[in-house]
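K.L.:
Have a look at the structure that comes next, please.
The values are calculated or read from the model by the stated rules, or taken from the named source; none is laboratory data. Computed from a predicted structure; not experimentally measured. Cβ placement follows ideal geometry from the backbone for every residue including glycine, while neighbour counts extend to all protein chains displayed. Just so you know, the surface numbers come from the protein's heavy atoms only, side chains and all, with ligands and any DNA or RNA stripped out. Shrake-Rupley method; radii C 1.70, N 1.55, O 1.52, S 1.80 Å.
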Amino acid sequence: MSFVQPGLAQEKERMWRTLTVSGRGVESIPTTLSEVSLGVEIQGKTAQEVQHEAARRSSAVVALLKSRNVEKLQTTGIRLNPVYSYNNNVQRITGYAASNTVNFRIATEKAGTLLDEAVKAGATQINGISFVATDEAIASARQQALKEATQDAQQQASAVFSSLGFQAKEVVSIQVGGATAPPPPILYRAEAAKLSSADASTPVIGGEQQVEASVTLQISY
């Protein structure tokens, strides 16, 4: 024969009689910021020539970006490579290509005008644009998504208990899933020279970003 203390028996019974439900919350917020990657690429006969010209143009572009108070400005790539030609299966160097790339963040409503200005300052490539919400908006949406996920889980539990004729007692376990905002897709890649020929400012239009959260509740009955 075995004996179980009354307290332990009640604890086991409480844990055995539980319902686990998972709720999901999603908040959509406007993407008011543009993350831009642009650069300067130069080709020429000598390494010194192309590196000097790339540095000169890049300095002008960076000076422009700083004057426009862009956020999170950083250099993301500096390259110098030989350019080859092939003739009768013989490889020979015909020149060099140098490129400097920077990333930055700016209000979407200002992005189109700034891209045009950057091209005039010396940028030759726009590698991509993605849209994001502000950090404050994402944090606020995260809190709201967690609330919605919790309410969703509670509503599911209520429906189950009501159908089975049980009475919920207490929440004995809570698990919070990652409330995250998926990385936004890149909008486009373009040669900056094509944009500079346009008469009007380059149109840049943002969209919405979703912040998702999940909450799992274990409820005794």
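K.L.:
As an exercise, take the mean of 1/r over every pair of distinct alpha carbons in the stretch 14-109, invert it, and state the Kirkwood radius in angstroms.
P.N.:
Evaluated on the stretch 14-109, it is 17.4 Å.
K.L.:
Still on this model: Give the calculated FRET efficiency between Glu53 and Gln91 to the nearest 0.05, with a Förster radius of 41 Å applied to their Cβ-Cβ distance.
P.N.:
0.95
K.L.:
How much length, in nm to one decimal, is gained on full extension between Ala159 and Trp16, taken as 0.36 nm per residue of separation minus their Cα-Cα distance?
P.N.:
In short, 49.5 nm is gained.
K.L.:
Mind checking the per residue accessible area of the stretch 108-171 for me, 1.4 Å probe, whole number of Å²?
P.N.:
Accessible area per residue, the stretch 108-171: 54 Å².
K.L.:
Okay, next question. What is the dipole size for the stretch 31-90, taken about its Cα centre, with +1 at each Lys and Arg Cβ and -1 at each Asp and Glu Cβ, in debye to the nearest 20?
P.N.:
In total the dipole reaches around 140 debye.
K.L.:
Follow-up. In square nanometres, what is one fourth of the surface area of the convex hull spanned by the alpha carbons of the stretch 58-121?
P.N.:
Result: a mean projected hull area of 5.7 nm².
K.L.:
Note down the magnitude of the dipole of the stretch 105-155 about its Cα centre, charges +1 on Lys and Arg C-beta and -1 on Asp and Glu C-beta and zero elsewhere, to the nearest 20 debye.
P.N.:
It works out to roughly 100 debye.
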